[in-house]
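Since the structure comes first, as structure tokens, the remarks are kept for the end.
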Amino acid sequence: MLSGKNILIGITGGIAAYKICELIRMFKRQGANVRVVCTPNALNFVTKLTLRNLSQNEVGVEEFDIPDFKPEHISYADEAEIMIIAPATANTISKIASGICDNLLTSIACAFKKPVIIAPAMNCNMWENPVIQENLQKLAARGYKILEPENGFLACGYEGKGRLCSLEKIYDEAVAILTTKTKGKKYVITAGGTIEDIDPVRYISNYSSGKMGIALADEAYHCGNDVTLITTVDVTKPYKIIKVKSAIEMQEAVNGEFETADFIIMAAAVADYRVKNKSDQKIKKTNDDTLTLELVKNPDILKGLCERKKEEMLKRVQHDRIIVGFCAESENLLTNAKEKIQKKGCDYLIANDISRKDIGFSSDYNEVTIFDKNGGMIKLERASKSEIARGILKVINE
Ligand code: C5P
């Protein structure tokens with residue numbers, strides 16, 4: 001399954017280093033070319049000879065051991081399609097987050113522009129240290145895929161969070177990235193709830209956190225795509241972000257990206273109405289007990305995009321764009337979703353049930369049903385939003 005794929009594994013100095021021997025074998029069994037780099041501390045836990053025999057490649061440790069015209073950290077970074085740092089110690093995580101390149105592994109990480117998976121493992125008190133958490137957040141925001149450690153009995157004798165996640169999890173994550181068919185496409189994804197001003201200090205909005213749209217953008221990016229996220233939520237990401245506020249602004253931004261997009265995913269919760277005459281000044285309280293705001297309909301961005309795609313098809317424009325909508329329903333989810341996909345004219349509609357408290361708005365979990373324009377239906381059972389995002393990307397790429 002992985003024949004012809006180049007995987008770079010970085011091992012740092014934690015006791016879980018011994019487990020990586022098995023991970024190397026898992027990749028080798030599938031035909032991958034595996035290259036290993038270690039920090040000098042990692043060699044206290046596992047030998048160079050073991051790693052060399054298992055990977056069937058020389059193991060890199062020293063930075064200035066240059067057999068080639070290119071410095072090793074650059075040729076290692078050029079060769080691999082993915083870098084996996086496991087176990088990643090608090091020390092190495094913090095160095096990478098700060099751009100420190102004081103050994104071969106950290107130098108490669110700094111030069112590596114393709115997907116990087118980081119699987120931390122450490123003592124639970126180190127894991128909980130806010131400095132380490134901040135550094136991890138910094139890396140996650142920059143597009144590194146962090147596979148959180150698990151709870152359990154730790155080698156240091158403590159019970160808590162810090163054990164390296166399962167090897168299967170690291171393996172599955174890498175395989176998903178390496179074998180994805182979605183590579184090299186342009187994704188335009190919207191996220192968050194639009195904000196419709198009433199006056200300079202008040203607005204109408206909704207509870208959308210933007211997490212589902214951001215998870216989709218992250219997954220698409222990790223799989224090697226060109227991503228533009230049009231969002232109402234502030235985020236720092238390694239891909240292009242267009243920050244918008246209202247539905248009108250979002251429409252303008254999406255329309256501007258339409259031409260070059262291969263996939264447009266409208267995960268944002270766009271307000272159906274906005275205030276008709278938004279006040280330039282703060283609206284004053286009066287003696288009346290009621291205040292009436294007149295609302296006007298916002299444009300249906302998704303429907304507009306689907307109409308534009310239809311026009312293109314009539315003109316035989318050779319660009320097969322896939323347009324995906326979301327629908328959040330609090331009742332009759334399936335009936336409403338089936339009706340909506342027809343009404344909007346999109347290729348796929350992802351339906352989620354917002355009446356459930358354990359999924360959906362603000363939650364890190366979701367459960368969705370994907371409808372396609374031909375009447376097909378696939379349910380993705382409750383899972384983290386990043387797993388759901390991966391499932392959605394897989395379906396819309398089939
Ligand atoms: O009609 P409804 O709001 O349920 O449709 C939801 C889908 O349509 C979402 O994909 C949302 O992003 C999109 N939408 C839109 N413009 C609107 C309202 C919703 O593009 N004005």
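For this structure, a couple of remarks:
- Among the residues listed as Lys113, Lys95, the single one being within 23 Å of Val36 (Cα to Cα), of a type in the set (D, E, K, R) and at pLDDT 95 or above: Lys95
- When each of Val368, Val395 is tested for being within 14 Å of the ligand (Cβ to nearest atom) and among the β-branched types (Val, Ile, Thr), the lone residue that passes is Val368.
- Filter result for the condition that a residue is touching a Pro at 6+ places or on another chain (Cβ under 6 Å) and either at pLDDT 95 or above or open to solvent by 50 Å² or more (accessible area, probe 1.4 Å) (or both), over Pro67, Pro120, Pro130: Pro120
- Residue within segment 370-386 that is open to solvent by less than 100 Å² (accessible area, probe 1.4 Å) and in contact with a Leu (Cβ under 6 Å, 6 or more places away or on another chain) present: yes
- Of all the residues in segment 334-346, those that are away from the ligand (no atom under 11 Å from the Cβ) and either of a type in the set (A, V, I, L, M, F, W, C) or in contact with a Phe, Trp or Tyr (Cβ under 9 Å, 6 or more places away or on another chain) (or both) number 2.
- Residues of segment 262-289 satisfying the condition of being among the acidic types (Asp, Glu), within 13 Å of the ligand (Cβ to nearest atom) and closer than 30 Å to Gly184 by Cα: none
- Hits in segment 312-349 (condition: in a helix (DSSP H, G or I) and either β-branched (Val, Ile, Thr) or open to solvent by less than 100 Å² (accessible area, probe 1.4 Å) (or both)): Glu312, Leu333, Leu334, Thr335, Asn336, Ala337, Lys340, Ile341, Lys344
- Cβ pairs under 7 Å, 6+ apart, first in segment 289-301 and assigned by TED's automatic domain parsing to the domain that holds Ile198, second hydroxyl-bearing (Ser, Thr, Tyr) and within 16 Å of the ligand (Cβ to nearest atom): Leu295/Tyr273; Val296/Tyr273; Lys297/Tyr273; Asn298/Tyr273
- Boolean, Lys373 is within 14 Å of the ligand (Cβ to nearest atom), in the same structural domain as Arg321 (by TED's automatic domain parsing) and under 26 Å from Glu311 (Cβ atoms): no
- Among the strands (runs of 3 or more DSSP E) confined to segment 185-258, the ones with at least 2 residues that are closer than 30 Å to Ile117 by Cα, of a type in the set (S, T, N, Q) and in contact with a helix residue (DSSP H, G or I) (Cβ under 9 Å, 6 or more places away or on another chain) are located at 226-231.
- When Ser3 is tested against (1) under 23 Å from Leu154 (Cβ atoms); (2) of a type in the set (Ser, Thr, Tyr); (3) open to solvent by 70 Å² or more (accessible area, probe 1.4 Å), exactly one condition is not met: (1).
- Applying the condition of being part of a helix (DSSP H, G or I) and touching a Lys or Arg at 6+ places or on another chain (Cβ under 8 Å) to segment 281-304 and asking which residue is farthest from Gly256 (Cα to Cα) yields Lys303.
- Of the helices (runs of 4 or more DSSP H) contained entirely in segment 1-103, those carrying at least 1 residues that are of a type in the set (Gly, Ala, Ser) and farther than 30 Å from Lys183 by Cβ fall at 90-98.
- In segment 290-327, the residues that are more than 8 Å from the ligand (Cβ to nearest atom), under 34 Å from the mean Cα position of the chain (by Cα) and hydrophobic (A, V, I, L, M, F, W, C): Cys306, Met313, Val317, Ile322, Ile323
The values are calculated or read from the model by the stated rules, or taken from the named source; none is laboratory data. All values reported here derive from a predicted model rather than from experimental measurement. No Cβ is skipped: glycine too gets one built from the backbone with ideal geometry, and neighbour counts run over all protein chains shown. Side chains are part of the model used for accessible areas, which takes the heavy atoms of the whole protein and leaves out ligands, DNA and RNA. Shrake-Rupley method; radii C 1.70, N 1.55, O 1.52, S 1.80 Å.
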